[in-house]
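The values are calculated or read from the model by the stated rules, or taken from the named source; none is laboratory data. The structure presented is a predicted model; accordingly, all values stated were derived computationally and were not measured. Neighbour counts run over all protein chains shown; Cβ positions are idealised from the backbone, glycine included. These area figures cover heavy atoms from the full protein model, side chains too; ligands, DNA and RNA do not enter into them. Shrake-Rupley method; radii C 1.70, N 1.55, O 1.52, S 1.80 Å.
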Amino acid sequence: GSGEDGGTTYTVGTDTTYPPFEFEEGGKYKGIDIDIINAIAEEEGFKIELKPMDFGGIIPAILADQLDVAIAGMSITDDRKEKVDFSDPYFDAGLTLVVSEDNNDITSVDDLEGKVVAVKNGTTGADYAEKMKEEAGIKEVRQFNDSPSMFQEVANGNADVLIEDYPVIAYAIKTSNLDLKTVGDRLNGDQYGIAVKKGENQELLEKINSGLQKIKDNGKYDEILNRYLEE
Ligand code: GLN
């Protein structure tokens, strides 16, 4: 980033299609993450340049100095903390199993034996499936680059089950005519954080945390959530 007058411009990586957190509409990106990072930038006097990309490419892009920041429905995990620094948490999520509406055979992780599980590359859902694979007797963990392709695979009957963040799949089911349903308990209790390159971006991270606190205090954060979640 550079430029003294209008504030520094930071490149911000985000997922390609992850409603209600980020999605394209009328040629523009919107969603909870997009509005949050814009509101933080406004409070803290910096500018952003948005770079949507496959989720699996985001942390590599931070490590390669192609991104300053990432906000992508990204869960704060110990593995990721080895590579990036996270802001304070800004949203509670958690993974769930998802099957086609007429599937009555899978109701929990105990029912995954011999099943094909669709996941998105680089996600906590993909890690969960890979870790469970042997113990649960999963037949195949099939990787996709984006969430809509993963949803289609199960809706079409090409895979038995998928793993997705609960708020994302709940929103997709509510707003589209996907014949999918969530089953079982949430598999974990992830929280989303905003990521920056580890150890080198303390000043930026402080601005992000300070802006996040300001928008929580002044009501903008709630306004953003309501904009996407209360319809
Ligand atoms: N929250 C999940 C993760 O961090 C999924 C994020 C996403 O698909 N954009 O891996």
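Picking from Tyr128, Tyr192, which residue would you name as being farther than 18 Å from Asp54 by Cα, modelled with pLDDT of 95 or more, within 12 Å of the ligand (Cβ to nearest atom) and surrounded by 18 or more Cβ atoms within 10 Å (Cβ to Cβ)?
After applying the criteria, what remains is Tyr128.
Can you pull out the residues in the range 147-178 that are among the charged types (D, E, K, R) and within 16 Å of the ligand (Cβ to nearest atom)?
Result: Glu153, Glu164, Asp165.
Just give me the residues in the range 89-114 being more than 16 Å from the ligand (Cβ to nearest atom) and open to solvent by 40 Å² or more (accessible area, probe 1.4 Å), in sequence order.
Passing the criteria: Glu101, Asp102, Asn104, Asp105, Thr107, Asp110, Asp111, Glu113, Gly114.
Specify the residue that is nearest to Tyr128 (Cα to Cα); the eligible residues are those in the range 179-188 that are of a type outside the set (A, V, I, L, M, F, W, C) and either touching a strand residue (DSSP E or B) at 6+ places or on another chain (Cβ under 7 Å) or crowded, with 19+ Cβ neighbours inside 10 Å (or both). Explain how you work it out, then say what you get.
Let us first name the residues in the range 179-188 that are of a type outside the set (A, V, I, L, M, F, W, C), namely 179, 181-182, 184-186, 188.
Filter once more, so that each one left must be either touching a strand residue (DSSP E or B) at 6+ places or on another chain (Cβ under 7 Å) or crowded, with 19+ Cβ neighbours inside 10 Å (or both): 179, 181-182, 184, 186, 188.
On the way: Asp179: 24, Lys181: 19, Thr182: 16, Gly184: 15, Arg186: 12, Asn188: 10 Å.
This residue is Asn188.
Yes/no matrix, rows are residues, columns are (1) touching a Leu at 6+ places or on another chain (Cβ under 9 Å); (2) more than 22 Å from Asp79 (Cα to Cα); (3) not in a strand (DSSP E or B):
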{"position": "Val98", "(1), (2), (3)": "yes, yes, no"}
{"position": "Asp110", "(1), (2), (3)": "no, yes, yes"}
{"position": "Glu130", "(1), (2), (3)": "no, no, yes"}
{"position": "Glu134", "(1), (2), (3)": "no, no, yes"}
{"position": "Met150", "(1), (2), (3)": "yes, yes, yes"}
{"position": "Ile163", "(1), (2), (3)": "yes, no, no"}
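Being within 30 Å of Met132 (Cα to Cα) and open to solvent by 80 Å² or more (accessible area, probe 1.4 Å) is the filter here, so list the residues in the range 195-212 that pass it.
Lys198
Residue by residue through the range 131-175, note down the ones that are open to solvent by less than 40 Å² (accessible area, probe 1.4 Å) and polar (S, T, N, Q).
Ser147
Does Asn209 meet the test of being in contact (Cβ under 8 Å) with a residue 40 or more places away in the chain, within 30 Å of Lys83 (Cα to Cα), in contact with a strand residue (DSSP E or B) (Cβ under 8 Å, 6 or more places away or on another chain) and of a type in the set (S, T, N, Q)?
So Asn209 fails the test.
Mind checking which residues of the range 165-191 are under 20 Å from the mean Cα position of the chain (by Cα), acidic (Asp, Glu) and assigned to a loop (DSSP other than H, G, I, E, B)?
Hits for the range 165-191 are Asp185, Asp190.
Could you list, in sequence order, all residues of the range 150-207 that are under 18 Å from Phe21 (Cα atoms) and among the small types (Gly, Ala, Ser)?
The answer is Ala170, Ala172, Ser176, Gly189, Gly193, Ala195.
Could you list, in sequence order, the residues of the range 62-85 that are under 20 Å from Tyr29 (Cα atoms) and surrounded by 16 or more Cβ atoms within 10 Å (Cβ to Cβ)?
Leu67, Asp68, Val69, Ala70, Ile71, Ala72, Gly73, Met74
Could you look through the range 20-43, keep only residues that are out of contact with any strand residue (DSSP E or B) (no Cβ under 8 Å at 6 or more places or on another chain) and open to solvent by less than 40 Å² (accessible area, probe 1.4 Å), and pick out the one that is farthest from Ser176 (Cα to Cα)?
Per the criteria, the residue is Ile40.
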